[in-house]
């Protein structure tokens, strides 16, 4: 790579996403990049695909693409009143965007099919168990009697949705069986999980082979919304390190943000992974330059030979 050469980076995220904007600014300030933003809520501005015998192969368009936020189907407001129309337009938007990204990206931080598969929390639990991570007793069901019996054996329970799709609240809540009804249960399966007692949490950012575990305390069930307490970069034992890397290997991911909670007995329990989870808030809370570390990871993910000087200069500039 010559000193004049530049790296073409594409970031896919919804308008106003702070993570994407900050990382984009860091890249442009510290690395020789040509940066493109694609917003799924405005994809009609950029997404156009032509297939013809004379069409050039566009698979080398971007050196590396980071799909930051694309995990729910976008529907324009005027289409939301008609369910069939909404489903069809949402799926068309997603299919075209996926095809455009795949065709125009040499390297994807997380492959689109792997990113889509891991959004299913049942898949997450299966891979966590295969990887050797501890998981709390868990039931996935839409059967009222099964839920009541599971609560009797393992309660109190936390209730979660099968995946996070945006829109209606998709957080984590403590189940109140007095509010549970047979009709309500029958709508769709949900995840019912034994509550892990304690207030110590671990959010682990995995960027390639780099594992960054941050421990913090919170009394909130959904600790993503509690930014009042300081986070500390810690070390985890070799078993957890190996299990995390094994999880990433099975899932086929290059990056992911894990959530764990420590029981009163001292065991760390896997709660979930978000393949594009939030990590920007850890920068001020822990006093660790995680945003800059991710920017460097993103550049290195391009796999372009001769980047060593650019990476060193970028690292020095962002310290």
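Throughout, read-outs are computed from the coordinates displayed, never taken from laboratory work. This structure is a prediction, so every number in the text was calculated from the model and none was measured. Virtual Cβ from ideal backbone geometry, glycine too; neighbours counted across all protein chains shown.
Work out how much length residue 209 to residue 117 would gain on full extension: take 0.36 nm times their residue separation and subtract the Cα-Cα distance, in nm to one decimal. Going from the current span to full extension adds 31.0 nm. With both labels modelled 7 Å from their Cα along Cα-to-Cβ, the residue 153 to residue 246 distance reads 2.5 nm. Ranking of 210, 215 by neighbouring Cβ atoms within 10 Å, starting from the fewest: 210, 215.
Size descriptors for the stretch 197-275 (Cα atoms only): Rg and Dmax, in that order, 12.3, 35 Å. Here the contact order of the stretch 197-275, divided by its residue count and restricted to Cα pairs under 8 Å and six or more residues apart, works out to 35 percent. The modelled label-to-label distance between residue 83 and residue 21, using points 7 Å beyond Cα along the C-beta direction, is 3.7 nm.
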